[in-house]
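Derivation of every value follows stated rules applied to the coordinates shown; laboratory data play no part. The shown structure was predicted, so the numbers you read here are calculated from the model rather than taken from an experiment. Note: ideal-geometry Cβ built from the backbone for every residue, glycine included; neighbour counts use all protein chains shown.
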Amino acid sequence: MNSNQSGRRGFLKGAALAGLAVGAQKASAQTGLTNTAAPGAPPNTHEHGQLAPNAKPAGRGVTKSITHTTYYTPLADSVGIITPASLHFMQSHSRLPQIDPATYSFTVHGLVDRPLSFTMDDLKRLPSVSKIRFLECLGNSSPRRHVNDGKPNSTPVTVQYTHGVMSCNEWGGVPLSALFKEAGLKKEASWVVAEGNDGSKYNYCIPLTKALDDCMVAYLQNGEPLRQEQGFPARLFVPGFGANHSVKWLRRLYITDEPYMTWDQSVHHAAARADMAYKSRWFNFVWPPKSVITRPSAGLKLNTPGYYEITGLAWSGWGKVKKVDVSVDGGKTWKEARLQDPVLPMAHTRFNFDWTWTGEETTIMSRCTDDQGEVQPSLAELNKHWGRAEKDHLEPKSNTHYWNAIQPWKVAKDGSISDVLFA
Amino acid sequence: MSYSHRFLVPGFLLPLMTVGAFLLVAPGVGFAQRSNIGRPASEEDIRNLGVIISPGGKGLPQGKGTAKEGGELYAKQCVACHGKTGEGGVADQLVMGKPGAPRKGMYSDLDRHPIGFWAYSTTVFDYINRAMPANRGGTLKPDEVYAVVAYLLYMEGIIKETDVMDQDTLGKVQMPNRPNFLPERVVWPPNPKKPSWY
C-alpha cells in the first residue's frame, strides 16, 4: 500500500507542477513578466483544504453532564442536505477511544461457520458501497429540548438545540452482507449484537434481516475517514433506525438467535407509555416521518416585512419523502413545498417554499408525508396517540423518544421568532 | 489486490475457458464465492474480547458472589456516584425497593433507572461488567460483578441476602417488572407496521 501511495502522490505532484508551469509561461507571455514563481495558495496547504481565513461559519454547541457529552449542529445555516463532517452532532456516554487504524480490527463471531477478524486493509479490499442517509439521535427534538428553565445544561431554544442531534452524510464502507458471506451465517442466526470500543464497550442490537438488507461497516464519511467522534476508524451504520443502533468504534459483531437485552436498548431506551397503562415500549427501531423548518427559525429575527424563503429538512426512516406541506397561518391552511433533488430514501430531503411576511404575527410549520403514506403528527395527535398529558414536557413521565411532532415557529410582530411547540 | 472471483485472461484463451467460466458464474457459484479475506479468530481471540450475556444467561463467566460481599464492594467502588444504598447521587438512582419488599407499581420515564425496572437480571451483569465503575469499565473480576449484582438485586427486594449468584442462578432470577415491556416478543419488521409512532 505504501509504495502505491507514494507512487500516486508522485504522479499528482508531477501533474500539478506541469499545470503550473504552463500557467506561468502563459502569464509571462501576456505580461512580459519574467517571474515564474507558482501563484496561488501558501505552501503546504495542498493536501487538506482549510476554510478561508475570514469564513466564520456557525459552529456546534455543546452540553456536558456526568452521563453525556453532546454536540449540536447549527441547522439554521444549512442549505442542501449534506452535513459537513466538522459540524456533525455527537452524543457520547463515555470516553472516546483513540484507535490506531494500522492495528485496528473488529471480529465477526457467534453463529457463524468461521469467526473472522477484519483489518482496515481487509475492509478496503471487500466490495464497497456508499449511501447518503440521515442519522438521528433517538432523543432529537424531544420535549426537554424545547425548554430553557435555567437549569444546568438547558440550552437556547433554537433549531440547533431542538433538532441539532441529526445529520445527513455520505457513508462509505462494506455491506454487512459481504462480511457475513465471508464468515458464513449459521441457520439459526437472526440477530446481531454490535459492540463498540468506547469506555463503556457500548452494545446494542439489530435484527439480522435489517443487517443483511442495507447496513454497512462504514469507514468513510463524506469521502474522508470518519471523524474521531464518529467512530474512527470504522463504525456500524444502520439506515433509518435511531442513531444508537449505529455503534461507533466497532469492536465486534456477535451473531445470535435472539435479541440481546443490552442496557441502553432494553433499559435506557424503554419508555413508559401512558396509553399503555405505563407499560414500557422498547425496541422502537425506526424514525417515523418528520420535518422541520430550519430557516426562518427560533432565535432568528426578520428585520422587515417582505419576501423570505422558508427552507427546511424532511426525512423518514421508512423510505422516501413524498411531500412536505407548509403552513404560514398557524396550521389553518397548508400548501405543498418544493422538494429539491435529490430525494433519497432514509435521507434528509431539502424543501423550499416562497413566503412573503406581511409584518403580522403568525406561526409557520411544516408537515412531512412519506412514501408509505404516513403523515407527521401534530403535538395534539402525538399526545393523544401516546396518552400524554398536554403539558408533559418539563418533567416528562412518558415516552419522548422518536419524537416527530410538527414543529411550529412563531413570528412576532417585531420579527423575532420563537419555539411555540408547548406554548 | 486480488479477488478470487475476478481474473484477467488473454483473449485467445477465452474459447477454451468458456466451459469453466460458465461453471464459475453459474447460479450459487461465481459471486457467492468467498474471498478468504479476514483472519480466522481463534477461541482465545474471542475469549479476550470479553463476554456478551444473553437474556437467559448464556455467556455468563465462571464465578459467584453474594449480596454481603457485594455490599462491601459497593461501599468502596460505587457509593461515590450512586449514593450510600443506591438512592442516587451525582449518577443515577439504582434502587427504589427495599430488601424483602420489592417496589410495586409502574415506572414512569422519570424513574426508569433502578434495577427493579429492568427486565433481565442478566442485563445488570452485562452492563456493570462492561461499563462500571464509570471510566473504569471492564476492571471488575467476575466474582466482584456477581457480588455487586447480587447486592443490587437484594436491595431491590428481588433475591435473598444469602442467595448465591453464579452462572446457573443469575439467569433464573425472575424480574418483577418483566411483564411490563411491550411488545412482549421483539419482532422485525414490526407487525402491524402502522402507525409507526406506535
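Calculated [222 nm] ellipticity per residue, helices only, for chain A: -4500 deg cm²/dmol; basis is -39500 (n - 2.57) per DSSP H run with n ≥ 4, divided by all residues, nearest 500.
Residues whose amide H lies under 5 Å from that of B:LEU182, counting only those 5 or more places away or on a different chain, are A:SER280, A:ARG281, A:TRP282; hydrogens are built 1.01 Å from N in the peptide plane.
Under 8 Å for C-alpha pairs, at least 6 residues apart: give me the relative contact order for chain A, rounded to a whole percent.
After rounding, I find 15 percent.
Listed by chain and number, the aspartates and glutamates whose C-alpha is less than 15 Å from the C-alpha of A:LYS413, apart from same-chain residues fewer than 8 away, are A:ASP329, A:GLU360, A:GLU361.
In whole percents, the pair-distance distribution calculated for segment A:238-343 from its alpha-carbon pairs, binned every 10 Å from zero, is 10, 28, 26, 23, 10, 2, 0. According to the Kirkwood relation over distinct C-alpha pairs, the hydrodynamic radius of segment A:264-404 is 16.6 Å. Taking other C-beta atoms within 10 Å as the exposure proxy, B:LEU110, A:LEU250 rank B:LEU110, A:LEU250 from fewest upward.
Any lysines with Cα under 20 Å of the A:LYS187 Cα? List them, leaving off those in the same chain fewer than 8 positions away. Within the straight-line cut-off, A:LYS187 pairs with A:LYS210, B:LYS58.
Other residues whose C-beta falls under 11 angstrom from the C-beta of A:CYS205 contribute a net charge of -2, scoring Lys and Arg +1 and Asp and Glu -1. Taking a quarter of the surface of the Cα convex hull of the protein assembly as shown gives a mean projected area of 36.0 nm². Counting neighbouring beta carbons within 10 Å and listing from fewest to most, the residues A:CYS137, A:CYS215, B:CYS78 come out as A:CYS137, B:CYS78, A:CYS215.
Taking the Cβ of A:THR358 as the centre, find all other residues whose Cβ is under 11 Å away and add up their charges (Lys, Arg: +1; Asp, Glu: -1).
-2
Across segment A:290-419, the mean sequence separation of Cα contacts (distance under 8 Å, 6 or more residues apart), normalised by length, yields a relative contact order of 33 percent. In this structure, B:GLN33 and A:ALA412 have a Cβ-Cβ separation that, at R0 = 60 Å, corresponds to a calculated FRET efficiency of about 0.35.
A simple rule links phi to the HN-Hα coupling: the Karplus curve 6.51 cos²θ - 1.76 cosθ + 1.60 with θ = phi - 60°, which for segment A:334-342 gives 10, 10, 6, 8, 7, 8, 8, 4, x Hz, with x for Gly and Pro.
Partner lysines whose Cα lies under 18 Å from the Cα of B:LYS68, excluding those fewer than 8 positions away in the same chain, are identified as B:LYS76, B:LYS84, B:LYS98, B:LYS141, B:LYS160. A full extension of the chain between A:GLU188 and A:ILE82 corresponds to an added length of 34.3 nm, given 0.36 nm per residue minus the alpha carbon distance. Between segment A:298-376 and segment A:91-120, the alpha-carbon centres lie 41 Å apart. Here the label points at A:GLU309 and B:GLU72, each 7 Å from Cα along the C-beta direction, are separated by 7.0 nm in the simple model. For chain A, a Gaussian network of Cα nodes joined below 10 Å ranks A:ALA405, A:ALA183, A:ALA102 by mean-square fluctuation, and the top entry is A:ALA102.
If R0 is 41 Å, the Cβ-Cβ spacing of A:SER130 and B:VAL79 corresponds to a FRET efficiency of close to 0.25.
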